[in-house]
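Asker: Input: one structure, supplied below.
The values are calculated or read from the model by the stated rules, or taken from the named source; none is laboratory data. A quick note: this is a predicted structure, and the numbers were derived from the prediction, not measured. For neighbour counting, all protein chains shown are included, and Cβ atoms are generated from backbone atoms with ideal geometry for every residue, glycine included. Protein only, heavy atoms only, side chains kept; ligands, DNA and RNA dropped before computing areas. Shrake-Rupley method; radii C 1.70, N 1.55, O 1.52, S 1.80 Å.
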Amino acid sequence: MGNALIVGNWKMNGLSASLAEIAAMAAARNDLWVAPPFTLIAGAVAAAQGRLRVGGQDCHSRPNGAHTGCVSAAMLADLGAGFVIVGHSERRTDNGETDTDVRAKALAGRAAGLDVIVCVGETEGQRDAGEVEAVVGRQLAGSLPDATDGLIIAYEPVWAIGTGRTPTPEDVTAVHGFIRAQLLARFGDAGQGVRILYGGSVKPDNAALLLGQPDVGGALVGGASLTAASLLAIAAAAA
Ligand code: 13P
């Protein structure tokens, strides 16, 4: 699978002063990806000096039009973004995004030439009810584009996001293995080449364990991606 891919998702955090963190990340490594808020994308692209990949946290499914307050994938690409996250659980919950919406956004991202990170993951209630594979399988079936080019999956159990709780390595292995099987069933051999990230309370002190599991190709990091020190420590632990 190659080296782990470490992606930071800043969510609704960061003002212009935070661009110093981007610059520090880029000064130390050239393989990190970071998705700051829309307002910082242009500044982040400049601060990164081509040494890290900047992305969006969401995009609209249409390239332009009467959609007040929305940002299209083409707009992200125009600023120099290289990827977009779609279907994050916070958007599925806060904004009512369905699998159909997420798939449309994924297609829009690919049409604009962006790599697309599609997020899936169960709630705690769904896990307790034994529905992990049913939920994740349904999300994959409904949210993915039709080809694997530029496609990355992020498995983010909702109950592990921002809580300091993580699944056991065995649970991570089980779900990532299930996702791989689904990808192979849908895309054939091409499904083997799709990177599957783990996300949810990844920190410097648990990164090596979580990223060491089979079929874990990297991490999607929220809170611990906001400073260069923390994201760099995760990347170092993952090596
Ligand atoms: P935390 O790392 O803060 O748990 O967030 C994970 C996440 O949602 C990344 O997209």
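Asker: Please work out the Cα convex hull volume for the chain and give it in Å³ per residue.
Answerer: Taking the convex hull of the Cα positions in the chain, it is 111 Å³ per residue.
Asker: Further question: Could you tell me whether the range 99-145 comes out rounded, prolate or oblate from its Cα gyration tensor? Rule is a ≥ b ≥ c as square roots of the eigenvalues, rounded for a/c under 1.5, then prolate if a/b exceeds b/c, otherwise oblate.
Answerer: prolate
Asker: Taking square-rooted eigenvalues a ≥ b ≥ c of the alpha carbon gyration tensor, is the range 80-159 rounded, prolate or oblate, where a/c under 1.5 means rounded and, failing that, a/b exceeding b/c means prolate?
Answerer: In terms of gyration-tensor shape, prolate.
Asker: Quick query: amide H of ARG195 versus all other amide H atoms, modeled in the peptide plane; which residues come in under 5 Å with a sequence gap of 5 or more or a different chain?
Answerer: Amide H neighbours of ARG195, under 5 Å, 5+ apart: ILE153.
Asker: Then there's this: Give a residue-ordered list of calculated ³J(HN,Hα) values for the range 124-137 (Karplus: 6.51 cos²θ - 1.76 cosθ + 1.60, θ = phi - 60°; whole Hz; x for Gly, Pro).
Answerer: The phi angles translate into 5, x, 5, 5, 4, 7, x, 9, 4, 5, 5, 5, 5, x Hz.
Asker: Net charge within 11 Å of ALA81 by Cβ-Cβ distance, Lys/Arg positive one each and Asp/Glu negative one each, not counting ALA81 itself?
Answerer: Spelling it out: positives minus negatives among the neighbours equals -1.
Asker: Mind computing the radius of gyration and Dmax over the alpha-carbon atoms of the range 15-75? Å is fine for both.
Answerer: Spelled out, the Cα radius of gyration and Dmax of the range 15-75 are 12.8, 41 Å.
Asker: Scan around ASP115 for amide H atoms under 5 Å from its own, H built in the peptide plane at 1.01 Å from N, and keep only partners 5 or more places away or cross-chain.
Answerer: Result for ASP115 returns PHE83, VAL84.
Asker: Would you tally the net charge around MET25, using a Cβ to Cβ cut-off of less than 15 Å, leaving MET25 out, and scoring K and R as +1, D and E as -1?
Answerer: Computed value for this residue: +1.
Asker: Using only helices, what value at 222 nm comes out for the chain when you add -39,500 (n - 2.57) per DSSP H run of length 4 or more and divide by the total residues, to the nearest 500 deg cm²/dmol?
Answerer: So the calculated ellipticity at 222 nm is -11500 deg cm²/dmol.
Asker: Next question, about the same structure. Just the accessible area per residue of the range 45-89, please: how many Å² with a 1.4 Å probe?
Answerer: Heavy-atom accessible area per residue stands at 46 Å².
Asker: Let me ask something else. GNM on the chain, C-alpha springs below 10 Å: top fluctuator among VAL71, VAL34, VAL118?
Answerer: It is VAL71.
Asker: Of LEU107, GLY80, THR166, whose Cα points farthest to the positive end of the dipole of the chain (charges on the beta-carbon: +1 Lys, Arg; -1 Asp, Glu; origin at the Cα centre)?
Answerer: About the Cα centre, the residue reaching furthest to the positive side is GLY80.
Asker: Let me check I've understood the local charge: for ARG165, count other residues with C-beta under 13 angstrom from its C-beta, Lys and Arg +1, Asp and Glu -1. What total comes out?
Answerer: My count for the surroundings of ARG165 gives -1.
Asker: Summarise the accessible area of the chain (1.4 Å probe, protein heavy atoms) by the percent that is carbon and sulfur.
Answerer: 52
Asker: Here is a follow-up. Skipping prolines and chain starts, which residues have an amide H placed within reach, meaning under 5 Å, of the one on LEU5, given they are 5 or more residues away or on another chain?
Answerer: GLY218, ALA219
Asker: Can you give the percent of C-alpha pairs in the range 11-151 whose distance is more than 22 Å?
Answerer: Of all Cα-Cα distances in the range 11-151, 42 percent exceed 22 Å.
Asker: For the range 51-102, what is the largest minus smallest coordinate of the Cα atoms on each principal axis, given in angstrom and ordered from greatest to least?
Answerer: 34, 25, 17
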